[in-house]
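All remarks here apply to the structure that follows.
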Amino acid sequence: MPLGAPELVIIAVVIILLFGWKRLPDAARSLGRSARVFKAEVNEMKVEDQARKRDGSTDGTSAIREDNSPRTDNQSGPTA
């Protein structure tokens, strides 16, 4: 269901009402910076993952455990 012109106009008016005309460029700039940082981090993670797969090494920090046993390095659990 693509957005048509009336929907885009309504969205633009709501955004202008929420942020104000003067703060809108700053908000867009901040959003652009955040998107760039996020994209750079995702690309870095992909490169690290490819290097790890190429080397065949694992450092034990994988979220998926081979033996399905619970993790024992949880520092936020209850202290008895």
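Taking the stretch 1-11 only, how many residues are at pLDDT 90 or above and exposed (fewer than 10 other Cβ atoms within 10 Å of the Cβ)?
Filtering the stretch 1-11 for residues at pLDDT 90 or above gives 4-11.
Adding the requirement that they be exposed (fewer than 10 other Cβ atoms within 10 Å of the Cβ) leaves 4-6.
Residues meeting the conditions: 3.
For residues in the stretch 12-68 being under 21 Å from the mean Cα position of the chain (by Cα) and modelled with pLDDT under 85, which is surrounded by the most Cβ atoms within 10 Å (Cβ to Cβ)?
Among those residues, the one meeting the criterion is Ala27.
The values are calculated or read from the model by the stated rules, or taken from the named source; none is laboratory data. Values in this document were obtained by computation on a predicted structure and should not be read as measured data. Heads up, the Cβs are rebuilt from the backbone with ideal geometry, glycines too, and the neighbour counts pull from every protein chain shown.
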